[in-house]
Amino acid sequence: MQWTDEGIVLGVRRHGEASAILELMTREHGRHLGMVRGGSGSRLRPILQPGNRVAATWRARLDEHLGYYMVEGLELPAASFLGLSHAVYGVTHLGALCRLLPERDPHPQIHAALTEVLEHLTDARRAGLEIVRFELQLLSELGFGLDLESCVATGVTAELAYVSPKSGRAVSREAGRPWQDKLLRLPAFLGETDAGMLPSASELADGYAMTGFFLLRHVFEPRGLALPDARDSFVNAVVNACRGERALS
């Protein structure tokens, strides 16, 4: 068995004296593990860092075996994440999200979305926007997509301001006003008014409160898990960075 694909490093752990077990999110073969000979050595260690993009060839005698990777670095942004707390937490959180997907199950749209997020991870505000969208897409890939296109009560597509925690569907400002304390807030950058706008710190907080609610209910709690600590750390770092930018402006 052999294939070659493009992958994004999700994680790596030492194996034996010099080898490593590499976890990739590949474009055509999904989340896939394999052993890298010499992966713990100085030559390959900088390449096998979470967030880096690599070309990988996987070989194994049988498809169900762990197999071996041969890798070549394509883009290596991981070094640029080290001095930025939001980026370090962000790449850790992205890895945890991808591990919710079944191993070796292709998810090309998730691979494409992950590539897009990593391109903007050093920019706190843009990273905050991209990762909340990534969480929405992951919910959809897992079968729990939200409907944010029209109001569940009236069918209108304008002035969508809330999300029903029961149905996961949008609610217009007027229809939701009597029950606004029981609804989740839908930030404008996820609604119909999004035109490339960058969100405020409070809008980002609202977005993550919404996705976090549905991730916990549908994905983490049924598996006996809590939301990853890295997620809270990422959200706090991004929100604080955005508030700091506003204070300086």
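At-a-glance table
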read-out: Leading residue by the ranking (nearest to His218 (Cα to Cα)) among those in segment 157-171 that are aliphatic (A, V, I, L, M) and surrounded by 16 or more Cβ atoms within 10 Å (Cβ to Cβ); value: Val163
read-out: Residue in segment 192-200 that is under 30 Å from Leu82 (Cα atoms) and in contact (Cβ under 8 Å) with a residue 60 or more places away in the chain present; value: yes
read-out: Some residue of segment 184-192 being at pLDDT 95 or above and in a strand (DSSP E or B); value: yes
read-out: Subset of segment 93-143 (residues that are under 27 Å from Gly83 (Cβ atoms) and polar (S, T, N, Q)); value: Thr115, Thr122
read-out: For Arg243: the one exception among (1) among the charged types (D, E, K, R); (2) open to solvent by less than 60 Å² (accessible area, probe 1.4 Å); (3) in contact (Cβ under 8 Å) with a residue 40 or more places away in the chain; value: (2)
read-out: Flag if Gly128 is surrounded by 17 or more Cβ atoms within 10 Å (Cβ to Cβ), within 14 Å of Gly11 (Cβ to Cβ), at pLDDT 95 or above and of a type in the set (Gly, Ala, Ser); value: no
read-out: Selection from segment 71-102 of residues that are in contact with a strand residue (DSSP E or B) (Cβ under 6 Å, 6 or more places away or on another chain) and assigned to a helix (DSSP H, G or I); value: Gly95, Cys98
read-out: Residue within segment 54-77 that is among the basic types (Lys, Arg), touching a Ser or Thr at 6+ places or on another chain (Cβ under 6 Å) and free of Cβ contacts under 8 Å to residues at least 60 places away in the same chain present; value: no
read-out: Criterion violated by Asp206 - all others in (1) of a type outside the set (Val, Ile, Thr); (2) at pLDDT 95 or above; (3) open to solvent by less than 20 Å² (accessible area, probe 1.4 Å) satisfied; value: (3)
read-out: Residues (β-branched (Val, Ile, Thr) and in a loop (DSSP other than H, G, I, E, B)) located in segment 103-156; value: Thr122, Val152, Thr154, Val156
read-out: Unmet requirement for Ala87, which otherwise passes all of (1) open to solvent by less than 60 Å² (accessible area, probe 1.4 Å); (2) over 13 Å from the mean Cα position of the chain (by Cα); (3) under 21 Å from Arg231 (Cβ atoms); value: (2)
read-out: Residue that is farther than 28 Å from Gly90 by Cα, touching a residue at least 24 places away in the same chain (Cβ under 8 Å) and either assigned to a helix (DSSP H, G or I) or of a type in the set (D, E, K, R) (or both), where the choices are Ala205, Ala209, Ala230, Ala175; value: Ala175
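Yes/no matrix, rows are residues, columns are (1) without any contact (Cβ under 8 Å) to a residue 24 or more places away in the chain; (2) over 23 Å from the mean Cα position of the chain (by Cα):
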{"site": "Gln2", "(1), (2)": "no, yes"}
{"site": "His15", "(1), (2)": "no, yes"}
{"site": "Ala18", "(1), (2)": "yes, yes"}
{"site": "Ile21", "(1), (2)": "no, no"}
{"site": "Met25", "(1), (2)": "no, no"}
{"site": "His29", "(1), (2)": "no, no"}
{"site": "His32", "(1), (2)": "no, no"}
{"site": "Gly38", "(1), (2)": "yes, yes"}
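The values are calculated or read from the model by the stated rules, or taken from the named source; none is laboratory data. None of these values were measured; they are calculated from a predicted model. Using ideal geometry, Cβ is built from the backbone for each residue, glycine included, and neighbour counts are taken over all protein chains shown. Ligands, DNA and RNA are stripped out before the accessible areas are found, and what is left, the full protein with its side chains, is counted by its heavy atoms. Shrake-Rupley method; radii C 1.70, N 1.55, O 1.52, S 1.80 Å.
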